[in-house]
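Visitor: Below is the structure I would like to discuss, written out as structure tokens.
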Amino acid sequence: MSAWVGIDLGTQSVRAMAVAGDGRVLGTGSRPLTSHRDGPRHEQDPEQWWRELAAATREAVSSVSGPVEGVAVAATSGTILLADASGRPLTPALMYDDRRADASLANEVGAPVWERLGYRRMQPNWALPKLLWLLRDAPAGARLAHQSDFVNRRLTGHAVATDLSNALKTGVDLIEERWPLEVFDALGVPGAMLPEVVRPGTWLGVVCAEAAEATGLPAGTPVIAGTTDGCAAQLGAGALRPGSWNSVLGTTLVLKGVTKELIHDPLGVVYSHRAPDGSWLPGGASSTGAGALTRDLPGRDLDALSAEAAARYGPGTRRPPDALAPLPDRTPPS
């Protein structure tokens, strides 16, 4: 039986899943990731991404006996680093909520483009302001890598294009599907440091021999451009037609929908990704999410806590007597 492999690089863990063409799960794997936080600083080690991704993927495909039709990586939106020409990281990864950068210059120079793309202004935690911040001490020849770009390069063994979804917060022109080089020139960002851009779902290369040994994926497996984790969750949930919407509660809370036309939010809160078929995926994210569990329960085993909660308060169980408020009586009259 053939399989498809999806890999999700999240905030707290990397997860891999092998599924059959009909959607049946054939194998899964997961490994934790470590963050380094200090006030507005939030960094991760890109080398840890690869180590844990390889281990999780090897576990997921260990029970797959047939061919692997393809592998795709979903990653956090706005997480970037600088790498050298061989793909070796030159900086830690600045995560999607690292807020040390200043977005003023990016917004001043790129305002006409951002307005046309519907989100009006970039935020300090978006990738382009962080790229400008990293460039202050960047060595010659440094290249931009989004989180997914870094691991896709390890999978293929060569430089790869980035997808439009991960490139949104770096300032890609989603209408023309290219980098607005006039903006980057004015910001002092060399065009040579930017990867090519393609739509999600585009063929990037194949798994190289070294990556096959590390991950258990067969050498020659097609590597397909993925998307941001929020968009991947939306597409995976089947929210594909205009008018459909999807909500995902992860470390952050994400709400996304599908439209035929690009949405322009006068407040700049809603921004739109480009779908693989060319339609638009408007939505936004909130800092309200399950990340509060890690903050309030540091070091606890979340899987064990989930099992304990299900055992105590799962379907058919009664409300605990010390609950803050009783459930309303919905017993039908006799």
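The values are calculated or read from the model by the stated rules, or taken from the named source; none is laboratory data. Keep in mind the model is a prediction, meaning the values are calculated, not measured. When we count neighbours, we look across all protein chains shown, and the Cβ atoms used for this are built from the backbone with ideal geometry, even at glycine. These accessible areas exclude ligands, DNA and RNA; they are computed on the full protein's heavy atoms, side chains included. Shrake-Rupley method; radii C 1.70, N 1.55, O 1.52, S 1.80 Å.
Visitor: What nm distance separates the two modelled labels at residue 304 and residue 237, each placed 7 Å from Cα along Cα→Cβ?
Guide: 3.1 nm
Visitor: Given the options 49, 181, 85, identify the residue whose Cα lies farthest towards the positive end of the charge dipole of the chain (+1 on Cβ of Lys, Arg; -1 on Cβ of Asp, Glu).
Guide: 49
Visitor: Once you put a point 7 Å from the Cα of residue 136 and another 7 Å from the Cα of residue 286, both along the Cβ direction, what distance in nm separates them?
Guide: Computed distance between label sites residue 136 and residue 286 equals 3.4 nm.
Visitor: How big is the dipole moment of the chain about its Cα centre under a simple scheme where the beta carbon of each Lys and Arg is +1, that of each Asp and Glu is -1, and everything else is neutral? Debye, nearest 20, please.
Guide: Details: 31 positive and 36 negative charges, 122 e Å.
Dipole size: approximately 580 debye.
Visitor: Could you calculate the contour length gain from residue 259 to residue 48, that is, 0.36 nm times the residue separation minus the distance between their Cα atoms, to one decimal place in nm?
Guide: 72.3 nm
Visitor: Then there is this: At residue 65 and residue 36, where each label point lies 7 Å from the Cα along Cα→Cβ, what is the point-to-point distance in nanometres?
Guide: Result for the modelled spin labels: 4.6 nm.
Visitor: Net charge near residue 204: determine it from the other residues with C-beta under 15 Å of the C-beta of residue 204, scoring Lys and Arg +1 and Asp and Glu -1.
Guide: So the environment of residue 204 carries a net charge of -1.
Visitor: Just checking my list [x] 20.6; [y] 17.6; [z] 21.4 against mean projected area of the Cα convex hull in nm² computed from this structure; which label fits?
Guide: Label of the calculated value: [x].
Visitor: Assuming R0 = 41 Å, can you tell me the calculated FRET efficiency for the pair residue 102 and residue 293, based on Cβ-Cβ distance, to the nearest 0.05?
Guide: FRET efficiency, residue 102 to residue 293: 0.85.
Visitor: So, one more: Could you state the accessible area per residue of the chain in Å², with a 1.4 Å probe and every protein chain left in place?
Guide: The answer is 49 Å² per residue.
Visitor: Sticking with this structure for a sec: Output the relative contact order of the stretch 190-251, whole-number percent, from Cα pairs under 8 angstrom with separation of 6+ residues.
Guide: 26 percent
Visitor: Next up: Run the helix sum for the chain: -39,500 (n - 2.57) per DSSP H stretch of 4+ residues, divided by residue count, reported at 222 nm to the nearest 500 deg cm²/dmol. Mind showing how you got there, number by number?
Guide: Working: 10 runs with 93 residues, N = 334.
When only DSSP H runs of four or more count, the value is -8000 deg cm²/dmol.
Visitor: Between residue 209 and residue 313, how high is the FRET efficiency from 1/(1 + (r/R0)^6) when r is the Cβ-Cβ distance and R₀ = 41 Å? Nearest 0.05.
Guide: Efficiency computed from Cβ-Cβ geometry: 0.25.
Visitor: May I pose another question? Separation of the stretch 132-159 and the stretch 31-80 by C-alpha centroid, Å?
Guide: Cα centres, the stretch 132-159 to the stretch 31-80: 16 Å.
Visitor: Which percent of the accessible area of the chain is formed by carbon and sulfur heavy atoms (probe 1.4 angstrom)?
Guide: Heavy-atom surface of the chain belonging to carbon and sulfur, 1.4 Å probe: 55 percent.
Visitor: So in the chain, what percent of DSSP beta bridges are antiparallel if you round to the nearest 5?
Guide: 80 percent
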